[in-house]
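Reviewing the structure listed below.
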């Protein structure tokens, strides 16, 4: 069955780069059946879409985060990665890896990882 | 783009029906049938409950339904059960190639 496992440091210093990896099992990113990406949720707050990637490397980013974020894919490892530079305390959040539908129902997030809490603090 | 507007909280008794509204603009909800709803229990990841305005994924109870009128989407939960108590988020496609979420609604089952 499908599993999305987020991994990476739980603590990042201000102004540094946040780096997370999502390892997918139970599905193949390279099949092209889905998009993949990241959504975050600050503690006690709502959801914010960060960005989405297709196995070809085509990316879509939240305009408000675009200058700060890079999402990449490694089909050989079945992984999706997130890099966010120049982080501040406002970037403290639970970061979720997600699977996104293709075709007519694109922009539907039909499966989510358990999430990883990343705290930005010195 | 601005976040979609949801009520902060709604409540209902077991067996009752409740609705949660999600108001956007003519550029997002009003222009596309790409509204989805997510249920989130404390400490858990969100779960897709409704997609494409009114479609229900396999395994989601028929007590959950969705609709849309103009710039407002609505989630209806009928026959309210204790397990429905959770936060609910709406989401819509917005041009160009982005999405926007609502602020979330806390459902309390009395």
With bins of 5 Å, the percent of all Cα-Cα pairs of the range A:1-72 per bin from 0 is 3, 13, 20, 26, 21, 11, 4, 1
Expressed to one decimal in nm², the mean projection of the alpha carbon convex hull of the range B:62-110 is 4.3 nm²
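If I stretch the segment between residue A:114 and residue A:23 completely, what's the gain in nm (0.36 nm per residue apart, minus their alpha carbon distance), one decimal?
31.6 nm
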Inter-chain shielding metric for A:40-48, i.e. average beta-carbon neighbours from other chains within 10 angstrom, reads 4
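What average count of beta carbons from other chains do you get within 10 Å of the Cβ of residues in A:105-116?
Whole-number average of other-chain Cβ neighbours for A:105-116 is 6.
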Neighbour-count ranking for A:19, A:101, A:122 (other C-beta within 10 angstrom, fewest to most) reads A:122, A:19, A:101
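For chain A, what does the convex hull of the Cα positions come to per residue, in cubic angstrom?
Details: hull volume 12.2 nm³, N = 122.
That works out to 100 Å³ per residue.
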Rounded to a whole number, the mean other protein chain Cβ count within 10 angstrom for residues of B:32-40 is 3
Per the Kirkwood formula over distinct C-alpha pairs, the hydrodynamic radius of chain B in angstrom is 13.8 Å
Residues of the range B:44-72 with backbone N under 11 Å of the label point set 7 Å from the Cα of residue B:83 along Cα→Cβ are B:60-61
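All of the numbers you see were taken from the coordinates with simple rules; none came from a lab. Model, not experiment: these values are computed from the prediction. With ideal geometry, Cβ positions are generated from the backbone for all residues, glycine too; neighbour counts draw on all protein chains shown.
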